[in-house]
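Just below is one structure, and these are the notes that go with it.
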Amino acid sequence: MYNKVFIVDDDEVSIFLTEAILEAESFATECKGFLDAKTALQNLLDSAKGSSEDALPEVIFLDLNMPFLSGWDFLEALSPYEQALKGRCRIYLLTSSVDEQERTRAAGTSLVAGFLQKPLEDEWIMQLKESC
Amino acid sequence: MQPPVLKEIGQSHSREFYRAVVGNSIDLIAVLDEEGTYTFVGDSVTAVLGYVPEELVGVNALSLVHPADLPGVQLALAGLLAMRQTTIPHFRFKAKDGEWRWLECTGRNMLHNEHVRGILTSARDVTAATQLAYDNDYHQAYYESLFFEHPDTVFTLNQKGEFQQFNKHLQTLTGYSESQLLGTPYTSLLHPDYLDVGAEAMQKVWSGEAHTIEVAILTQEGTVKYVSVSVMPVYFRDELQGAQGIAKDITEQKSIQRENEKLSLVASKTVNGVVIMNPAGKIEWVNDGFCRLTGYDRHEVVGHIPSELLQGSGTDPKTSKRIRSKYESRKPFSEEVLNYRKTGEKIWFYIDVTPIFDQEGNLQNYIAIETDITEKKEAEEKLVKMADDLYKHNLDLQQFTYIISHNLRAPVANALGLAQLINKLPKETANYDAVVQKLQGSIEQLDIVVKDINQILSLRESGRVASREKVHLKQVCQEVLQQFNHEFELSGAQVSVAIDPSFSLLSIRAYLYSILYNLVSNSLKYRSDTRPLKLEVRAERDKRGFVLTVSDNGSGMDMHLVQHQLFQLYKRFHPNTYGKGTGLFLVKTQVQALSGKIEVESAPDQGTTFKIYLGAKNV
């Protein structure tokens, strides 16, 4: 069981759903949903830089299609802290997109640990839990 | 030696009788001894040479002979000693006044005549005659030079038209030898086609008229040469003697001329338009092709400048300007240009212009070749339009891929997840109802997206086919603003409209309404929190039609961040305001459906200005 998980998604229903599934599988002690990607990013940066007491989440579920700050923008903003995040925080893209181009782009981005399609399936959650 | 003595005086005549006869003779009578010394000189010497007889007696005659003539005279004298009589060749003799006189002299050996005992000479002054002969020789030399050294062929014909005399060039020209040519009639050299021309010309010559003709001859090898011949009659003492002529080989010129004739035939028969202009660019000549292509008669265009005649309102001014400056540069050039026929019909020309210079480098002419490329141009335009359409379609496809992969897929994904969750949840829990509610919400969202897509698709389709009606801009604007009156009042907005009531255009009313509605609605939605909204709607004429401007003093946007996405579907830029992200996408689609263009300027916390260009096609 993980200690801390972030869910970053502008869709409230999606966050609700992900939380419900994670809860059902006893995935993590703390599950934190962010409707606003900017807040989530600030939170992460503070932890990565050590300017906050809060520990980094071990897993992040990141949506791609968000207004003002997309999942890709989010990853780009994190890229300077890749070394600090490595081994401590895994980022999974969780998107409703069925666009093959985005899957390819994800494969080429080193910060991305995996590309998951909504809705989140039990099977994936089991696998992720095992690699805890 | 004894002085001569006239010993015997005849009975019938006195001594004075003989002296008078000898002295008044026209000829100069004198007697020389064997050495050539005068022993007697008749009185006529005074009339002939200016001496008195006494001056010459005892003088040697040879000493007064011109040194150049002396050998001949000496030879004659020596001959006389052996013969009775001889004629001494003409020689010059010094007269009393120092001038040389030509003398013709006969001598008679009378050494054995006891009365004379000397050489009797009888001389007469032939200076005038000799001078004449000399002059003749002199002129002959000039004539011969003219005849034989002339760089062209010079010949004489007798009255039968046969060659009598000619210089060496006739052999070079014809290939025949001198003996083959001598006495041959000129007609034997003529090409059969030119026999009549030759005969006619000679007829004129024989009637006393000099004449120049161009004829073809056949050389000995059988090749054809072209010659220009000038023939003139020769008279001597009013009697026609024959003719003489000068012939010049013009084969090369002739072939150039033929080439030119061929070229001008090509120029006049070619399907292309050919235009010859003077250095000022004015038409001197056009071919039939030009007349056929443009519909103008030759006499209508001569003296005009082609571009002024043929270019029209649709001709690109840049192309016009470029053509003018290229003419001025005096270098060959080519251009594609839209021209107009006399009937006003459009015709695309590919023009190829070459300036022609003389040997001194002065501009003589411009030659333009004009090719009709209308079909090619039209095909090109179609192709550009097709590429443009394809590009638009491609953009549409990309947009729809995006819509399907995100906006359509998102509520589907949610609905799927929620449905799975419902299966796991016990019905009695509070969570269960929340999930069912969310499931319904997701399906409603799905419905909205499907409706949006339907609206956009039908909009695109109708934009291509919908019929245009006359729309008054001000009227539409006022109708839209009326819809928002209540909200304007509530927010204390200042609204101004500056549209000339006469502005109207052929357009789709519903689209104009929708465009304005969306923009005004956005201005209200994104107004500043700190100041009341000022909204201005105005219309101006521009060269293509109208420009509709909607500007506000609202919260604005950072153009650097939004410019590429502003008009895209489901893009939103204001975090705290409700919006679906379809408004501006629809605006743009509708503007495009009206063949217009939309531009935006904005600055954060200052305001936003939208400009809509409604093209000339719709006016």
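The values are calculated or read from the model by the stated rules, or taken from the named source; none is laboratory data. Remember, predicted model here, so these are calculated numbers, not experimental data. Cβ placement follows ideal geometry from the backbone for every residue including glycine, while neighbour counts extend to all protein chains displayed.
Figures for the structure shown
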quantity: Out of B:VAL275, B:VAL231, sole residue that is touching a residue at least 24 places away in the same chain (Cβ under 8 Å) and assigned by TED's automatic domain parsing to the domain that holds B:ALA210; calculated: B:VAL231
quantity: Residue among B:LYS326, B:LYS392, B:LYS331, B:LYS342 that is in contact with a strand residue (DSSP E or B) (Cβ under 8 Å, 6 or more places away or on another chain) and surrounded by 11 or more Cβ atoms within 10 Å (Cβ to Cβ); calculated: B:LYS326
quantity: Flag if A:GLU25 is touching a residue at least 60 places away in the same chain (Cβ under 8 Å), within 14 Å of chain B (Cβ to nearest Cβ), surrounded by fewer than 18 Cβ atoms within 10 Å (Cβ to Cβ) and not hydrophobic (A, V, I, L, M, F, W, C); calculated: yes
quantity: Qualifying residue in region A:59-78 (condition: small (Gly, Ala, Ser), surrounded by fewer than 16 Cβ atoms within 10 Å (Cβ to Cβ) and more than 10 Å from every other protein chain (Cβ to nearest Cβ)); calculated: no
quantity: Wholly within region B:469-544, strands (runs of 3 or more DSSP E) carrying at least 2 residues that are farther than 18 Å from B:LEU584 by Cβ and among the charged types (D, E, K, R); calculated: B:469-472, B:534-542
quantity: Unique residue being within 14 Å of chain A (Cβ to nearest Cβ), surrounded by fewer than 18 Cβ atoms within 10 Å (Cβ to Cβ) and under 30 Å from A:GLN117 (Cα atoms) when the list is B:GLN437, B:GLN445; calculated: B:GLN437
quantity: Residue under evaluation B:GLU428, criteria (1) crowded, with 16+ Cβ neighbours inside 10 Å; (2) not in a helix (DSSP H, G or I), criterion not met; calculated: (1)
quantity: Condition met for A:THR39 (assigned to a helix (DSSP H, G or I), more than 13 Å from the chain's Cα centre (by Cα), at pLDDT 90 or above and hydroxyl-bearing (Ser, Thr, Tyr)); calculated: yes
quantity: Only one of B:THR130, B:THR172, B:THR153 that is in contact (Cβ under 8 Å) with a residue 40 or more places away in the chain and more than 30 Å from B:LEU32 (Cβ to Cβ); calculated: B:THR153
quantity: Scan of region B:384-431 for residues that are away from chain A (no Cβ under 11 Å) and of a type in the set (Phe, Trp, Tyr), ordered by number; calculated: B:TYR391, B:PHE400
quantity: Residue list for region B:173-198, filter: in contact with a Ser or Thr (Cβ under 9 Å, 6 or more places away or on another chain), under 12 Å from B:VAL215 (Cβ atoms) and assigned to a loop (DSSP other than H, G, I, E, B); calculated: B:LEU189
quantity: Flag if B:VAL48 is part of a loop (DSSP other than H, G, I, E, B) and hydrophobic (A, V, I, L, M, F, W, C); calculated: no
quantity: Some residue of region B:296-309 being surrounded by 12 or more Cβ atoms within 10 Å (Cβ to Cβ), in a loop (DSSP other than H, G, I, E, B), outside the structural domain of B:ILE213 (by TED's automatic domain parsing) and of a type in the set (D, E, K, R); calculated: no
